[in-house]
Amino acid sequence: MAFVNRLTEIFDAMKDNKLVFFSQRFPIITRLPITGYLSRGRYVIMVETLKNNIKEDVERCLKNYNPEEDPECFVQAYYQKMQTNPHLNYDNLLNVCMDFFMAGMETTTTTLRWGTLFLASNVDVQEKVRAEIFRVLGADGKPSYSLRTQMPYTSAAIQEIQRRANIIPLNVLHKTIRDTSVGSVKVPGNTFVIGHIQHVMAHSPVYKEGKEFRPERFLMDDGVTANKEAVEQLCPFSVGKRQCAGEGLAKVELFVGLVTLLQNYKVLPQTSDTYEKSGFL
């Protein structure tokens, strides 16, 4: 939780700071004494604190490391490889672990939190999902990703959650290596190009009435067969060679996490107007 709380503090500090966004367009801002600190310096310090939280966890794992035994976790396995591979070092280990938290844990957690919001706001959908869960698993069955083919409506609901939440609306930056064209638009070489995932997920002709939360759009009329066209248009993990490397794991976590939640709880809308704001939702 220390990591999550610190990350929330960083996002809260950045979201209202216009200098952060201006510095992306005019990097010279980061080289000036005062604006440099306000636009970049203070966040570098905050990220270092975040890295220290990761370091504490890594040290805790390494405390139990025994080179004579098989590694118990990724940290120990990486540390073991460091002894024979000069390209691996302790700083890399810390950075990789931070990537796990930033790109792995938080994205899945945030998607699930959006899922609870959509399901609480669409109780009819939630009841259909819960009915399917209890039909396949019962009250005590253990959720498994291998059961997803027996739970088409649940799978469709997860896909719709990903489409509507769309927590990463823009793709990773690419750059053209030569002059090219997209339709009638000419794009010079050495131009940054970024895929607008938000537009695809919200405004694609495949997703009619895109602002509505409707899992049925991912199923054919029989309510069982997947709508291939809708599934192929879905791109929450981006597209191309830079597509999210953790897609497979994330899909398992989303399915097992949501099924476990709805197998044990019914998510209802909040009746009070008072709620805790979060930097990730």
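The values are calculated or read from the model by the stated rules, or taken from the named source; none is laboratory data. Because the structure is a prediction, the values reported are computed rather than measured. Every residue, glycine among them, receives a Cβ derived from its backbone with ideal geometry; neighbour counts consider all protein chains shown.
Consider Glu127 carefully, then state whether it is in the same structural domain as Glu216 (by the TED database), assigned to a helix (DSSP H, G or I) and buried (at least 18 other Cβ atoms within 10 Å of the Cβ). No; evaluated as a whole, the condition is false for this residue.
In the condition set (1) surrounded by fewer than 14 Cβ atoms within 10 Å (Cβ to Cβ); (2) part of a loop (DSSP other than H, G, I, E, B), Ile168 is compliant with all but (1). Where helices (runs of 4 or more DSSP H) fall entirely within the range 44-124, those with at least 1 residues that are touching a Cys at 6+ places or on another chain (Cβ under 6 Å) are at 74-82. For the structure I just gave you, tell me whether Gln80 is among the polar types (S, T, N, Q), surrounded by fewer than 16 Cβ atoms within 10 Å (Cβ to Cβ) and more than 23 Å from the chain's Cα centre (by Cα). Here the answer is yes, as Gln80 does meet what is asked. You will find that of Thr110, Thr30, the residue that is out of contact with any strand residue (DSSP E or B) (no Cβ under 6 Å at 6 or more places or on another chain), surrounded by 15 or more Cβ atoms within 10 Å (Cβ to Cβ), assigned by the TED database to the domain that holds Ile161 and hydroxyl-bearing (Ser, Thr, Tyr) is Thr110 and no other. If only residues of the range 33-69 that are of a type in the set (Val, Ile, Thr) and more than 30 Å from Met82 (Cα to Cα) are counted, the one that is surrounded by the most Cβ atoms within 10 Å (Cβ to Cβ) is Thr35. For the range 130-146, the set of residues classified as in contact (Cβ under 8 Å) with a residue 60 or more places away in the chain, among the hydrophobic types (A, V, I, L, M, F, W, C) and assigned to a helix (DSSP H, G or I) consists of Ile133, Phe134, listed by residue number.
Within the range 230-244, the presence of a residue that is out of contact with any helix residue (DSSP H, G or I) (no Cβ under 6 Å at 6 or more places or on another chain), over 30 Å from Ser144 (Cβ atoms) and buried (at least 19 other Cβ atoms within 10 Å of the Cβ) is excluded. Residues of the range 181-239 that are at pLDDT below 90, within 23 Å of the chain's Cα centre (by Cα) and either charged (D, E, K, R) or in a strand (DSSP E or B) (or both): Val193, His196.
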